[in-house]
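K.L.:
I have a structure here, written as structure tokens, and I will follow up with some questions on it.
The values are calculated or read from the model by the stated rules, or taken from the named source; none is laboratory data. These numbers were taken from a predicted model, which means no experiment stands behind them. A quick note on method: Cβ atoms are made from the backbone with ideal geometry, for glycine too, and the neighbour counts reach across all protein chains shown.
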Amino acid sequence: MTTESQRMVEVYRKRAKRYDVTSNRLYLIGQRTMAYKHLALEQLALRPGDTVVDAGCGTGHNLPLLAEAVGPTGRVIGVDLTDAMLEQAEDRVRRAGLSQVSLVQGDLTTYQYPENVRGIIACFSLTLIGEYAKIVERGYEALDPGGRWVVLDYRLPRWWPDRLIPALGPMIAPFGGDVSMVQRHPWEPVQEGAARHRMLTRYGGWVYVAVGEAPQK
């Protein structure tokens, strides 16, 4: 585990129990996080019986929606590095009675994917991981041809002046990040590894959904 990863684990262990509540505060500044997640999930184009991986599942917000998409014959796997976040996800899964959902504590850079993966989604997680390109590459290796890699995350809009980048620090810090992360572009490996790709933006360009279709092997 890298030093950065260890720091993230420590941050999210402290935040796990109140993570959902504090994240909802983003609505106060006009963000519609659940709407963005619904948009991202739609891009997976999942069908009943599919297998999908939620990469960096956190407290499991996506898991009921993914379970609904793949149905009782499908499979949903939530992967996260932080044990405390997975405890919250496990509670959510148990309360919802989602028998097709399993949770794995693991590092996404080394996670061993199952066979026949039809979709992988990462919501607001890859920018926090320095080795995001490796994660995307390994995901493409695991995806069935035509399966989709979907990343929902933040980026710096083109119109934001460089001199104001330091002002973003207080907004990024509670999520374990810093302003250097604006230089990370997870959408680029999604596009580079895809047979076909597209990009959707929301919230004035601050939020994006990158969609890549896995090529033939």
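K.L.:
Can you pull out every residue in region 139-167 that is over 22 Å from G193 (Cβ atoms) and among the hydroxyl-bearing types (S, T, Y)?
P.N.:
Correct list: empty.
K.L.:
Quick one: what pairs do we get from region 105-119, first residue loosely packed, with under 15 Cβ neighbours inside 10 Å, second of a type in the set (D, E), C-beta under 9 Å, 6+ apart or different chains?
P.N.:
Q105/D80; Q105/D83; G106/D80; E115/D144; N116/D50; N116/D144
K.L.:
Then there's this: Within region 64-80, can you find the residues that are out of contact with any helix residue (DSSP H, G or I) (no Cβ under 6 Å at 6 or more places or on another chain) and either of a type in the set (S, T, Y) or at negative phi (or both)?
P.N.:
Answer for region 64-80, where residues must be out of contact with any helix residue (DSSP H, G or I) (no Cβ under 6 Å at 6 or more places or on another chain) and either of a type in the set (S, T, Y) or at negative phi (or both): L66, A67, E68, A69, V70, P72, T73, G74, R75, I77, V79.
K.L.:
Still on this structure: Give G146, G193 a once-over and let me know the one that is modelled with pLDDT of 90 or more, buried (at least 17 other Cβ atoms within 10 Å of the Cβ) and more than 17 Å from the chain's Cα centre (by Cα). I'd like the intermediate steps shown before the answer.
P.N.:
Details: G146 fails: buried (at least 17 other Cβ atoms within 10 Å of the Cβ).
When all the criteria are applied, what remains is G193.
K.L.:
Now for a different question. List the helices (runs of 4 or more DSSP H) inside region 1-78, counting only whole elements, that have at least 1 residues being at pLDDT 95 or above.
P.N.:
Details: elements: 3-15, 19-23, 33-43, 63-70.
Result: 33-43, 63-70.
K.L.:
OK, next. Picking from E137, E115, which residue would you name as being over 24 Å from R47 (Cβ atoms), over 14 Å from the mean Cα position of the chain (by Cα) and of a type outside the set (S, T, Y)?
P.N.:
E137
K.L.:
Separate question: Report every pair of residues separated by at least 6 positions or lying on different chains whose Cβ atoms are under 6 Å apart, first residue within region 74-86 and crowded, with 22+ Cβ neighbours inside 10 Å, second part of a loop (DSSP other than H, G, I, E, B) and among the aromatic types (F, W, Y).
P.N.:
What qualifies is V79/Y111.
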